[in-house]
Amino acid sequence: MERLPKILSCSRWLSALIIAMTLVALLIGGLALDYIEMCLVASTSESRALVAVEIADKLDRLMAEVSGDIQRMAYSQTVQGRDAAAKTRYLEWMVTAFPVYGWLGVTVAGGRSVAATAHARVGQDRSDRE
């Protein structure tokens, strides 16, 4: 009969040990998941930052290229001349050759459009737009 209290005491001790081990395992698992999540978020953030830098670099190069095109067009004899039809043909060729441009136009100093690839814009006052 003395064995029964000893078994009950061991049983309680064993139950407490199992519960403690389970809690420790859950705690370690939770910490591991938190660490893994932190590493994945950092990795994703780093990847997004690299992609953003790459996109910004490509946009910067594109803007420099477009700026150069605009400077070349400004000094073109066709654009500086008085023939509006020739200017329009030149602008249409530029839009065809360089699809990056949605439309192109030439304005005089006051802002009035004298030639454009979008024919509806010719003659409009563009000084307060774009």
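The values are calculated or read from the model by the stated rules, or taken from the named source; none is laboratory data. Only a predicted model underlies this, so the values are computations on that prediction, with no experimental measurement involved. Heads up, the Cβs are rebuilt from the backbone with ideal geometry, glycines too, and the neighbour counts pull from every protein chain shown.
Observations on the model:
- Condition check for residue 65: at pLDDT 85 or above, touching a Ser or Thr at 6+ places or on another chain (Cβ under 6 Å) and not small (Gly, Ala, Ser): no
- Test for residue 69: is it among the acidic types (Asp, Glu), part of a helix (DSSP H, G or I) and within 30 Å of residue 119 (Cβ to Cβ): yes
- Considering region 89-115, and only residues there that are at pLDDT below 80 and within 35 Å of the chain's Cα centre (by Cα), the residue that is surrounded by the fewest Cβ atoms within 10 Å (Cβ to Cβ) turns out to be 111.
- Which listed residue is aliphatic (A, V, I, L, M) and either part of a loop (DSSP other than H, G, I, E, B) or under 31 Å from the mean Cα position of the chain (by Cα) (or both), from 41, 24, 79: 41
- From the list 31, 59, the lone residue that is closer than 30 Å to residue 115 by Cβ, surrounded by 10 or more Cβ atoms within 10 Å (Cβ to Cβ) and either assigned by TED's automatic domain parsing to the domain that holds residue 108 or not β-branched (Val, Ile, Thr) (or both) is 59.
- Some residue of region 42-53 being touching a residue at least 24 places away in the same chain (Cβ under 8 Å) and not small (Gly, Ala, Ser): no
- Test result for residue 86, modelled with pLDDT under 80 and of a type outside the set (D, E, K, R): no
- In region 64-89, the residues that are more than 15 Å from residue 101 (Cα to Cα) reach residues that are part of a loop (DSSP other than H, G, I, E, B) and at pLDDT below 85 with C-beta atoms within less than 8 angstrom, at least six apart or across chains, in these pairs: 84/122; 87/81.
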